[in-house]
Amino acid sequence: LHLAAEPSVYPCQRDPWAWTTTTAVLSCVPVEAGQWDVVLGESPFYPEGGGQPSDLGSIGAALVRDVRAVGGALVHRTDAPVEGDVEARVDGARRLDHMQQHSAQHLISAIAADQLGLATVGFHLGAESTTIDLDGPLSPTALAALNEAVDAAIQANLSIRFMEVEAGELAGLGVRTRGLPDGLVGPVRLVEIEGLDVNTCGGTHVDSTGALHVVVVHRTERHKGGTRLSFRAGGRAVR
């Protein structure tokens, strides 16, 4: 594989709405029957990480089955070889769905921490619903209060934006974080919900809480001494 220098922020993190680009194939290596690993000069895809699955889509006529960050490059697993200049296209419906679910997770986690004293210790964005693991019990009364506060934040249409700062600046910004990756070099990416939360995060997000439309918590259960909360946001909740 041709491994490029690792960017501090991938293109999809700067602009999650940029779903297509025309770029050059730097390398295309067969890995097993019917699969190739492809590295592009520039990629609009999000790689799996931080609880969020990778984007899917296409590179030329080949379908993208998985995207991983490996040694400073985005490696795209495809079902056919590609070469030359190609159009790389993200599955926009899947990207938007992930943007809504991940943004809703930030919103729920911030409210649970600030209003209920419950920290998030786990997060998984699944194909059907998303789970958040909280570090304590969640009573029916507390769940009702959480739902009301989430809905109020959606109605307020608070802005959601990202910024880059140096690691040494984090202490003065009131940032929520479960720790930085080992060996991190360069700026730290933060995602902010206006007036509610500043969090270290590499995921893709919508531009405002209003873009979540609705968040539905459809299940809570005890989990490792705490609570596992399952929810759907945006188009998932509507469907």
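So which residues in the stretch 72-106 are open to solvent by 60 Å² or more (accessible area, probe 1.4 Å) and either modelled with pLDDT under 95 or more than 24 Å from A127 (Cβ to Cβ) (or both)? Full working, then the answer.
Applying the first criterion (open to solvent by 60 Å² or more (accessible area, probe 1.4 Å)) to the stretch 72-106 yields 81, 83, 85, 87, 89, 91, 93-94.
Across the stretch 72-106, the qualifying residues are P81, E83, D85, E87.
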Go through (1) modelled with pLDDT of 95 or more; (2) open to solvent by less than 30 Å² (accessible area, probe 1.4 Å) and name the single condition R232 misses. (2)
When every residue in the stretch 191-209 that is of a type in the set (G, A, S) and touching a residue at least 60 places away in the same chain (Cβ under 8 Å) is compared, the one surrounded by the fewest Cβ atoms within 10 Å (Cβ to Cβ) is G202
What number of residues within the stretch 120-152 are open to solvent by 40 Å² or more (accessible area, probe 1.4 Å), closer than 27 Å to G202 by Cβ and out of contact with any strand residue (DSSP E or B) (no Cβ under 7 Å at 6 or more places or on another chain)? 2
Mind checking which pairs have a first residue in the stretch 109-125 that is charged (D, E, K, R) and a second that is open to solvent by 30 Å² or more (accessible area, probe 1.4 Å) and not in a strand (DSSP E or B), Cβ under 8 Å, 6 or more apart or different chains? D114/L196
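What residue, among those in the stretch 170-181 that are closer than 20 Å to Q13 by Cα and open to solvent by 60 Å² or more (accessible area, probe 1.4 Å), is modelled with the lowest pLDDT? Reasoning before the result, please.
Initial filter on the stretch 170-181 (closer than 20 Å to Q13 by Cα): 170, 175-181.
Remaining after also requiring open to solvent by 60 Å² or more (accessible area, probe 1.4 Å): 176-178, 180-181.
Numbers: R176: 83, T177: 77, R178: 68, L180: 65, P181: 62.
It comes out as P181.
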So which pairs qualify, if the first residue must be in the stretch 128-150 and without any contact (Cβ under 8 Å) to a residue 60 or more places away in the chain and farther than 20 Å from I193 by Cα, the second must be assigned to a helix (DSSP H, G or I) and open to solvent by 30 Å² or more (accessible area, probe 1.4 Å), the Cβ gap must be under 9 Å, and the two must be at least 6 apart or on different chains? A142/Q115; A142/L116
Run L212 past the list (1) at pLDDT 95 or above; (2) buried (at least 16 other Cβ atoms within 10 Å of the Cβ); (3) over 15 Å from the mean Cα position of the chain (by Cα) and report the number of the one that doesn't hold. (3)
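If you go through the stretch 215-227, how many residues are within 15 Å of N147 (Cα to Cα) and surrounded by 15 or more Cβ atoms within 10 Å (Cβ to Cβ)? So that I can check it myself, show each step before the final result.
Initially, the stretch 215-227 is screened for residues within 15 Å of N147 (Cα to Cα), giving 215-220.
Next, only the ones that are surrounded by 15 or more Cβ atoms within 10 Å (Cβ to Cβ) stay: 215-217, 220.
Counting residues in the stretch 215-227 that are within 15 Å of N147 (Cα to Cα) and surrounded by 15 or more Cβ atoms within 10 Å (Cβ to Cβ) gives 4.
Out of curiosity, is A24 modelled with pLDDT under 95, out of contact with any His (no Cβ under 7 Å at 6 or more places or on another chain), farther than 13 Å from V90 by Cβ and not in a loop (DSSP other than H, G, I, E, B)?
Numbers: modelled with pLDDT under 95: no; out of contact with any His (no Cβ under 7 Å at 6 or more places or on another chain): yes; farther than 13 Å from V90 by Cβ: yes; not in a loop (DSSP other than H, G, I, E, B): yes.
No.
The values are calculated or read from the model by the stated rules, or taken from the named source; none is laboratory data. All values derive from a computational prediction rather than experimental measurement. With ideal geometry, Cβ positions are generated from the backbone for all residues, glycine too; neighbour counts draw on all protein chains shown. When the accessible area is computed, the model is the full protein with side chains, heavy atoms only, and any ligands, DNA or RNA have been set aside. Shrake-Rupley method; radii C 1.70, N 1.55, O 1.52, S 1.80 Å.
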